[in-house]
Protein chains: 2
Amino acid sequence: MSTVTSSPLRDRLVQAGVELLEEEGLGNLTLRAITRRTGVSHGAPRRYFPTHNALLAAIAATGLEDLSARLQAAEGIPEEGLIDAALRYLGFAAERPGMFELLFRHDLLEGAGGNLRSRSLPLFQHFADLVAQARPSTPDPRDRAIALWTNIHGLATLRATRALDLLGTTNLTPLVQQIVRSHLR
Amino acid sequence: MSTVTSSPLRDRLVQAGVELLEEEGLGNLTLRAITRRTGVSHGAPRRYFPTHNALLAAIAATGLEDLSARLQAAEGIPEEGLIDAALRYLGFAAERPGMFELLFRHDLLEGAGGNLRSRSLPLFQHFADLVAQARPSTPDPRDRAIALWTNIHGLATLRATRALDLLGTTNLTPLVQQIVRSHLR
DNA sequence: GGCACGGGTAGACACTGTCTACGCGACCAT
DNA sequence: ATGGTCGCGTAGACAGTGTCTACCCGTGCC
């Protein structure tokens, strides 16, 4: 099959994991399943990842990069910029539900290396900056940012888990607009 | 040891599961661990629960009852009532993080019987009623309820997973007050 | 030409959830 | 009293999992 892309095994494992996560969901993202797809023995990852969760953390890191890139691509004057960012956040959760789920499974990722916690911090900082920019001279900009961020995140999770089937009936964009504006006045 | 409370095994399994969930967390809430604590063989639950997840669903049902009772105990004129309910919601997540986590692990509970989905619906309805009551003559009461509910839920999850260490530094009550009021105007 | 060694293999182990055959004791009918 | 049924729990097996360990084996270096 002519010159298979034979990158170092580490990258191949991560990529296989990403694909498997999208295709089969987090529940089937087994260490052994990843090795099967990669075509190596089940002990191979150990050379690069001390534990299964460490591999999961590496997979999650790629997702965090994707999410980060999407959010930084948000554009518009203050208010519209926030609405755009919020919609992109929800779009990520909708398009990559498995990855979104993994990103917040701290029981799997905690202490698994790759310090995702600190890596996701600038992501929130970006959000907070947008809020501060859209709502200058507010006494508690961080609280406002937390309020909006948690709102979008809660919306995304409850939508992803279909906890609110109601959400299917309502159009998302006006809801997000309303939410963002609620937090800005 | 004189008249051990020998309720039917079903209840003992559920109770053991609840205790284990609080003590050891969801990650250790194994079917076999529950049977060990109950003092029966690992095959015993099968008589009452076709699968491990079905037992988890029964455990989650007790948590949903607790949460429901807490929310319905919320009091106060419209706005304060919502603030109280929100704080109770956050209190539940803080006091029983394992149960809170389980309640939203739809990957475990889905299709496991006990139709938690429909049972949790009146809970949201209660929330929506409070919102409609506090904000009469609004064109889209359900959207407002969704907005507020997702906000509180997102705050609870991000706090439970300590995704925002920032939250440790800010006092929760004023933040919740601010959030509720943001959604009511 | 011998040798170390990085990198992957393969088997074992404890543990999990599920399935199946078995046992046992209480209750009932004769 | 005796036999039988049946609810309920036991015990063993099985495939699958993550982790650990001993083992190769080919490549590059002296």
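Computed from the coordinates by the stated procedures, all read-outs in this text should not be read as laboratory data. All values derive from a computational prediction rather than experimental measurement. Every residue, glycine as well, gets a Cβ built from its backbone with ideal geometry; the counts of neighbours run over all protein chains shown.
Things worth noting here:
- Helix-only arithmetic for the protein assembly as shown: the sum of -39500 (n - 2.57) across DSSP H runs with n ≥ 4, divided by the residue total, places the mean residue ellipticity at 222 nm at -21500 deg cm²/dmol.
- Here the extension length gained between B:Thr138 and B:Glu22 equals 37.6 nm, from 0.36 nm per residue of separation less the Cα-Cα distance.
- For the protein assembly as shown, the convex hull spanned by the alpha carbon atoms encloses 176 Å³ per residue.
- Long-range amide H partners of B:Val40 with built H, under 5 Å: none
- FRET efficiency for B:Thr173 and A:Glu65, using Cβ-Cβ distance with R0 set to 30 Å, rounded to 0.05: 0.25
- Only Lys, Arg, Asp and Glu carry charge here, each on its Cβ (+1 for the first two, -1 for the last two); on that basis segment A:8-184 has a dipole of about 580 debye about its Cα centre.
- Take each residue in B:156-163, count the other chain C-beta atoms within 10 Å of its C-beta, and the mean is 5.
- Loop GluC sites (Glu not before Pro), segment A:1-110, which have at most 15 other Cβ atoms in a 10 Å radius of their Cβ (DSSP): A:Glu75, A:Glu110
- Dipole of the protein assembly as shown [Lys/Arg +1, Asp/Glu -1 at C-beta], most positive-end residue of A:Ala112, A:His42, A:Ala73: A:His42
- Applying the Karplus relation 6.51 cos²θ - 1.76 cosθ + 1.60 with θ = phi - 60° to segment A:145-158 yields 3J(HN,Hα) values of 5, 4, 4, 5, 4, 5, 5, 5, 5, x, 4, 5, 5, 5 Hz, where x marks Gly and Pro.
- A cut-off of 5 Å between modelled amide H atoms, ignoring neighbours fewer than 5 places along the same chain, links A:Leu164 with no other residue.
- FRET efficiency for the A:Leu121 to B:Asp129 pair, using the beta carbon distance and R₀ = 56 Å, is estimated at 0.90.
- Between helix B:9-24 and chain B: long-axis angle, C-alpha atoms, 0 to 90°, nearest 10: 60 degrees
- Averaged over the residues of peptide B:141-148, the number of Cβ atoms from other protein chains lying within 10 Å of each residue's Cβ is 5.
- Taking the square roots of five times each eigenvalue of the Cα gyration tensor of chain B, the equivalent ellipsoid has semi-axes of 35, 18, 14 Å, listed largest first.
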